[in-house]
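K.L.:
Below: one structure in structure tokens.
Computed from the coordinates by the stated procedures, all read-outs in this text should not be read as laboratory data. Treat the numbers as computed from the prediction; the structure is a model and nothing was measured. Heads up, the Cβs are rebuilt from the backbone with ideal geometry, glycines too, and the neighbour counts pull from every protein chain shown.
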Amino acid sequence: MEAVFITDRGKVRSRNEDNGGIFQSDEGILLLVADGMGGHLAGDVASGMALSSFEKSWSEKKDISTPVLAESWLKAQVEKANNLLLSHANQHPECKGMGTTIVVALCTERFTTIANIGDSRCYIYNENGFKQITEDHSLVNELVRTGQISREDAEHHPRKNVLVRVLGTEARANIDIRTVLLDENDYLLLCSDGLSNKISETEMVSIIQKDVPLEEKGKLLVALANEHGGEDNITLILLHFNPRSEGGRNIC
């Protein structure tokens with residue numbers, strides 16, 4: 001596997017409240033993107049704490065030999081991170097109300113388990129096409145899901161950025177989790193809404209299909225989001241399953 005992580009402040013924001021990373025262990029690799037939100041600097045704190053919590057747990061001995069064990073591990077880590085954020089906010093008034101989205105993929109040679117909360121996304125690109133495999137936990141997506149507005153209306157809805165679920169704001173973190181199988185030459189794209197709100201799926205596919213190194217694909221995605229306005233922080237992880245090319249971070 002090969003993966004590349006890129007984060008960019010964008011063209012408008014004064015700071016980057018996104019976080020993310022690629023972490024390797026004997027069991028496989030962990031990919032994580034978090035988009036923080038809250039008061040002054042609190043978004044940075046929330047996404048950074050979530051990232052650090054997952055990174056520390058990933059470095060410790062664990063058993064993720066089956067999808068069931070992987071799902072159980074991810075659920076436990078989400079609850080752990082959620083409790084850490086709640087505790088920190090309670091002890092630091094300046095961080096009251098902080099939270100973060102999170103999308104995480106636990107990848108082994110045999111399966112990949114994905115968990116998410118909020119509107120940071122995971123897409124898969126394979127022989128069947130390009131597909132979003134996470135569900136946005138947003139007010140607008142709930143309106144789409146219940147048939148109150150169309151997906152076309154959702155793209156320009158004034159409350160598009162209102163989230164109904166994030167990490168760190170409720171006593172229990174209500175996550176979505178699923179396991180998928182990746183075949184040779186499949187891609188996973190994890191990203192914050194700074195990318196998905198600015199680039200269409202058609203544009204994403206066009207860049208992923210380019211005959212350039214993986215890192216260059218990632219840079220092109222970020223550059224296009226900035227060309228389209230770059231109003232938000234932009235963060236992505238692009239993974240190529242069992243690649244042959246250079247230009248990214250060879251994981252295993």
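K.L.:
Averaging sequence separations of C-alpha pairs under 8 Å and six or more residues apart, then dividing by the length of the range 2-243, give the relative contact order as a whole percent.
P.N.:
27 percent
K.L.:
Between Glu231 and Asn174, what's the calculated FRET efficiency when r is the beta-carbon distance and R0 is 41 Å? Round to 0.05.
P.N.:
That pair, Glu231 with Asn174, gives E of 0.90.
K.L.:
Could you sort out which of Lys62/Lys198; Lys80/Lys131; Lys96/Lys210; Lys75/Lys131 sit more than 32 Å apart by Cα distance in this structure?
P.N.:
Lys62/Lys198; Lys96/Lys210
K.L.:
If the only charges are +1 at each Lys and Arg Cβ and -1 at each Asp and Glu Cβ, what is the size of the charge dipole of the range 2-243 around the Cα centre, to the nearest 20 debye?
P.N.:
640 debye
K.L.:
So for the pair Gln132, His157, with labels modelled 7 Å out along Cα→Cβ, what separation do we get in nm?
P.N.:
Calculated label separation equals 1.1 nm.
K.L.:
When ranked by the protection proxy of mean other Cβ atoms within 10 Å per residue, highest first, what sequence do the peptides 91-104, 161-174 form?
P.N.:
Final packing ranking: 91-104, 161-174.
K.L.:
List the pair-distance distribution P(r) of the range 60-182, using every Cα-Cα distance, as the percent of pairs falling in each 5 Å bin from 0 up to the bin containing the longest distance, rounded to whole percents.
P.N.:
2, 10, 17, 18, 18, 16, 11, 6, 2, 0
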